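Derivation of every value follows stated rules applied to the coordinates shown; laboratory data play no part. Not measured: the values here are computed from a predicted model. As a convention, Cβ positions derive from the backbone with ideal geometry for all residues, glycine included, and neighbour counts pool all protein chains shown.
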Amino acid sequence: MNQLYKITISIGLLLLPILRSWAQEDIRFSNFSYNRLFYNPAYAGSSRFMEAVLAYRNQWVDVEGSPETAVLSIQAPVNYTNFGLGAVVYNNRFGIQKDNAVFFNYAYHLQVSLEGTLSMGIQAGFINKQINWTELRTYDPNFPSPNDPAFPDQDISTWVPNFGIGFYYYTPKYYLGFSAPRLLSNDQPDTEGFSENMKFKFKNTVCYLGAGATFPLSPEFEFKPSVLIVSSYSGATTAMANFDIVHKSGVSIGMGYRTDDSWAGIIGYQLSQKLRFSYSYEKYFGKYRSKGFTNHEIILNYNLSLKKSKITSPRYF
């Protein structure tokens, strides 16, 4: 009964901030718990092994020009030190817009209690912002594409710097993190390239607040709830909550909810000591459900021990 009480309280705390949340901004993943370096630079080095993550998300399937995102990240602790290093590379496409980015991460880990560690991280890198105007099809019969004067007749590509910060507190049983991984808004370029709208602005900065816990239900099963709250400087906020049941065999099954009335089914499997696979099927059930928005997501996690004498084992936090 005591364990059930803890689980109930945990679910309530995770759902509480969702009740007043709305909107969605920035790149998102349903299965965010297995792609944490993308959201928080302080995660670098928090595991006892090197971790590589390959994530792909196809949003709004069958909608032309719908968002597609691919992320590759790698992080590891540096032996005999209190810091970790990491790197994140991503490609994000949406219509004729495309972003390619590379970021490098540094995190310092401070033991603050017997089981708890506080990590403080920073990241810095560059984003290549592109608008491929020549791929745009116009439908004005007076100006056959691509000769419509309302649109530029050349593609635009600009490299812009960005940086971010993060804090990550973790124990063997739970974690809590706050981050702003891309502090600068870096708006899309215009025909002049790095012009007025490309100046450093914080108005669209996106912040993330994440938390998760693990509860043993029996010798064979664990319950792992997690939440990610996304908030921008402009005031738009959204929240995602996942609830996973994990079997000792490595099989996991769960569900997720996002405050735009999207639900997700999540399955995962520990293919080996080093490799884990997870898949998410997400469906929109909101006001415009007739549009049938569907999202697919695949994440691969590869863990490699940094010491030959150590055995790599799956780790949630």
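Per-structure values
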| read-out | value |
| --- | --- |
| Over 25 Å (Cα to Cα) - which of Lys224/Lys248; Lys98/Lys287; Lys173/Lys283 fall in this group | Lys98/Lys287; Lys173/Lys283 |
| For Ser232, Ser119, order by how many other beta-carbon atoms lie within 10 Å, fewest first | Ser232, Ser119 |
| Sum of side-chain charges, Arg57 neighbourhood, beta-carbon under 12 Å (Lys, Arg +1; Asp, Glu -1) | -1 |
| Added length on full extension, which subtracts the Cα-Cα distance from 0.36 nm per residue, Lys173 to Arg48 | 43.5 nm |
| Estimated FRET transfer efficiency (Ser113, Asp62; beta-carbon r; R0 41 Å; 0.05) | 0.25 |
| Inter-centroid distance (Cα atoms) of the stretch 254-273 relative to the stretch 100-128, Å | 26 Å |
| For the stretch 48-143, diffusion coefficient by Stokes-Einstein and Kirkwood Rh (Cα), 10 °C, 1.306 mPa s, µm²/s | 97 µm²/s |
| Net lengthening on full extension, His247/Ser218 (0.36 nm per residue, minus Cα-Cα) | 9.5 nm |
| Extension gain (nm, one decimal) between Phe277 and Ser234, 0.36 nm per residue minus Cα-Cα | 11.9 nm |
| Loop-located chymotrypsin sites (Phe, Trp or Tyr not before Pro) in the stretch 67-117, at most 14 other Cβ atoms within 10 Å (DSSP) | Tyr80 |
| Neighbour net charge for Asn91 - beta-carbon separation under 14 angstrom, K R +1, D E -1 | +2 |
| Protection-proxy order for peptides 248-256, 109-117, 296-304, each taking the mean of Cβ atoms within 10 Å per residue, highest first | 296-304, 248-256, 109-117 |
| Estimated inter-spin distance, Thr134 and Trp159, nm [label 7 Å along Cα→Cβ] | 2.1 nm |
| Nearest-0.05 FRET efficiency for Tyr80 and Trp263, computed from C-beta distance (R0 51 Å) | 0.65 |
